[in-house]
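Data block below; observations after.
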Amino acid sequence: MKTDKKELMWHIPLLIAVFIQLWPIVFMISTSLKDMDQIFQATLNPLPFPPTLNNYTTVLEDFPLLTYIYNTFIIAAGTTAMKVITSVLAAFAFIYYDFKYKETIFNSMLLTFFIPVTVLIMPNYLLMSKLNLLNHPLGVMLPAFADGMGIFLMRQTMRGIPKALLEAAILDGAKPFVILRRVILPLIKPSVIAVAILFFINSWNDYFMQLIMLSSTSKLTISLGIAKLQAENSTDYGLIMAGAALAAVPIIIVFLAFQKYFTKGITMGAVKG
């Protein structure tokens with residue numbers, strides 16, 4: 001009985017945490033199913049009476065949602081691919097090669113974790129302007145092609161690979177990239193997928209960099225599109241919530257499709273620090 005009480009004491013804060021996390025999602029979906037009268041009559045009521053799909057119909061018919069989703073997907077997929085490549089290659093270099101100032105370079109890279117993203121917006125804007133990449137997807141993607149956190153996570157995962165495997169591959173005459181492709185990558189596949197999911201979600205939900213770099217309506221992403229919708233219809237909260245709910249669908253699909261890899265990959269680098 002004492003064990004049950006202890007478990008209950010842990011379950012209560014966990015349930016509270018789950019409620020806090022889920023309530024905004026419930027509120028978003030509920031509001032998207034209400035008309036304006038229901039929204040202002042009972043703002044916090046999660047049950048629309050009766051529910052309506054008019055907000056979703058309006059968003060799909062009058063709002064270029066598919067164009068914005070396509071633009072967002074191109075940027076998110078391209079950024080994710082390059083981040084994964086640079087993270088894996090840089091981590092492999094830190095593990096496989098011994099070179100001067102290796103630890104200093106790695107520790108300097110770790111310092112980038114503490115630099116706020118907003119501090120880098122203006123330098124990146126000026127750089128992309130010099131490269132004539134403003135209002136172009138590459139203007140958003142190029143500054144994000146390398147990620148310190150991704151390099152750190154890949155390095156930590158690779159450190160857990162037994163050195164005997166690498167030594168055996170070297171004795172067999174395998175070149176570094178052969179070792180990376182045939183030995184290391186198959187072993188760290190869950191971690192690579194987990195990091196890729198994190199990169200994709202962060203890029204999909206990005207707002208500030210896209211806001212600075214993109215201006216044409218035809219090139220806006222879903223985050224900018226919803227913000228634009230809010231500016232044009234500042235009081236139509238049901239319409240805004242319907243757009244936000246539809247924008248979250250691709251992310252949910254990606255996470256559910258790779259959930260097992262995400263759960264396993266996140267913990268792979270936690271054993272050896």
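The values are calculated or read from the model by the stated rules, or taken from the named source; none is laboratory data. Since the structure is predicted, the reported quantities are computational estimates derived from the model, not experimental observations. Neighbour counts are summed over all protein chains in view; Cβ atoms, including those assigned to glycine, are modelled from backbone coordinates with ideal geometry. With ligands, DNA and RNA removed, areas are computed over all heavy atoms of the protein, side chains included. Shrake-Rupley method; radii C 1.70, N 1.55, O 1.52, S 1.80 Å.
Taken over region 216-271, the criterion of being modelled with pLDDT under 75, farther than 23 Å from ILE197 by Cα and open to solvent by 40 Å² or more (accessible area, probe 1.4 Å) is satisfied by GLN230, ALA231, GLU232, ASN233, SER234, THR235.
If I filter region 108-118 down to residues being among the hydroxyl-bearing types (Ser, Thr, Tyr) and touching a helix residue (DSSP H, G or I) at 6+ places or on another chain (Cβ under 9 Å), which single residue comes out as least open to solvent (accessible area, probe 1.4 Å)? Checked region 108-118; the qualifying residue least open to solvent (accessible area, probe 1.4 Å) is THR112.
The set of residues from region 43-55 being surrounded by fewer than 19 Cβ atoms within 10 Å (Cβ to Cβ) and in a helix (DSSP H, G or I) comprises just one member, ASN54. Restricted to region 119-148, and to residues there that are of a type outside the set (A, V, I, L, M), in a loop (DSSP other than H, G, I, E, B) and out of contact with any Leu (no Cβ under 7 Å at 6 or more places or on another chain), the residue that is surrounded by the most Cβ atoms within 10 Å (Cβ to Cβ) is ASP147.
The one condition from (1) within 32 Å of the chain's Cα centre (by Cα); (2) surrounded by 10 or more Cβ atoms within 10 Å (Cβ to Cβ) that PHE40 does not meet is (1). For residues in region 68-106 being of a type in the set (Val, Ile, Thr) and over 20 Å from the mean Cα position of the chain (by Cα), which is farthest from ILE253 (Cα to Cα)? Applying the filter and picking the extreme gives THR104.
Region 149-261 holds helices (runs of 4 or more DSSP H) entirely within its bounds, and those carrying 3 or more residues that are farther than 30 Å from LEU134 by Cα map to 163-171, 176-179, 189-204, 237-257.
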